[in-house]
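All of the numbers you see were taken from the coordinates with simple rules; none came from a lab. All of these numbers come straight from a predicted model, not from anything done at the bench. Because the Cβ atoms are built from the backbone with ideal geometry, glycine has one as well, and the counts that use them run over all protein chains shown.
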Amino acid sequence: MKFSTLLRHIREGALNIVRNGWMSFASIGSIVVSLSILGVFLLLALNVNKLTEQIESQVQIRVFLQLNTEQQQIDEMHNVIGNMEDVSQVTFVSREEGLEILRENLGEDGQDLLEGFDETNNPLPDSFTVEVVNPEEISFVAKKIKAAGEAASPNPLMSVKYGQGTVESLFKVTTAVRNIGLVLVLALGVTAMFLISNTIKMTIFARRREISIMKLVGATNHFIRWPFFIEGALLGIIGSAVSVSILLFGYGQLVQVSQLELGLMMIQLVTLEESGLLVGSLLLGLGTLIGIWGSTISVRKYLKV
């Protein structure tokens, strides 16, 4: 195709949008509404996924050592756990540190429970806090740590705890939430695709006589199709660009307003920098493809004269 011919098709496609003002406005409006709803659920899914990751990352294994375990054996156990490929980090917590952490967690109301306990009569053992690479494998890692302790002589471990039962239930819930979010986004994507394409088909349907006349006077299918192809792409680009602008501006304001309040609850929303490129490119690409697809399918029907 010559460059001059391509420019002619682009010009005709843009003029068609202006000539058919109300139908073009309806198509763009349909794209904006459909993609905005899809974008809201996509952002919601991203935030739910981040929240589940935050919850999962807080799952840890606590390895409690026998009282009066020698420092050499503590160091050996530290190295054994730290060298496990499934372990991302291991932190030694001394008896004294454990007592201070317990005091902080109990707060003022629970200080009476610890009255009389100090460094000389501390009932807490030394321990390790273990973080794993894949939280869903935490039970497997706990068993490896327990087996390593039992293999040592003497066995330095008192117990290995990770919230057995509760953790497995937590992972089932987070997996279900992720799957539900994915299904909703896909379902809304398909719904948006058909809604937008049908609106564009109505735009082409209103000009079926124009297509028939062009076909009867000798215009080729290629010559007729390209302006509509460009028109559909432009409708998709304009509608999706408006949708992305509104959506990301509103989400940016929401993140700013809620940052302090949610921060106090240890909840972090996905930032605009993290989500903007993904959501923007996805909606722009989807809107453009649907616009092209809807116009191409519709014109093909009326080319059969």
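Determine the distance separating the Cα centre of the range 127-142 from the Cα centre of the range 146-178; give it in Å without decimals.
About 7 Å separates the Cα centre of the range 127-142 from the one of the range 146-178.
Could you tell me whether the range 64-105 comes out rounded, prolate or oblate from its Cα gyration tensor? Rule is a ≥ b ≥ c as square roots of the eigenvalues, rounded for a/c under 1.5, then prolate if a/b exceeds b/c, otherwise oblate.
On the way: a/c = 3.33, a/b = 1.42, b/c = 2.35.
Oblate, because a/c is 1.5 or more while a/b does not exceed b/c.
With label points built 7 Å along Cα→Cβ from the Cα atoms of residue 146 and residue 57, find their separation and express it in nm.
Those two pseudo-labels are separated by 2.9 nm.
Where does each of 60-66, 156-162 land if you order them by average Cβ count within 10 Å, highest first?
My ranking of the peptides, most packed first, is 60-66, 156-162.
Quick one: which of 124-132, 41-49 comes out on top by average Cβ neighbours within 10 Å, and what's the full order, highest first? Provide the component values of the computation, followed by the final result.
Details: 124-132: 20.2, 41-49: 17.8.
My ranking of the peptides, most packed first, is 124-132, 41-49.
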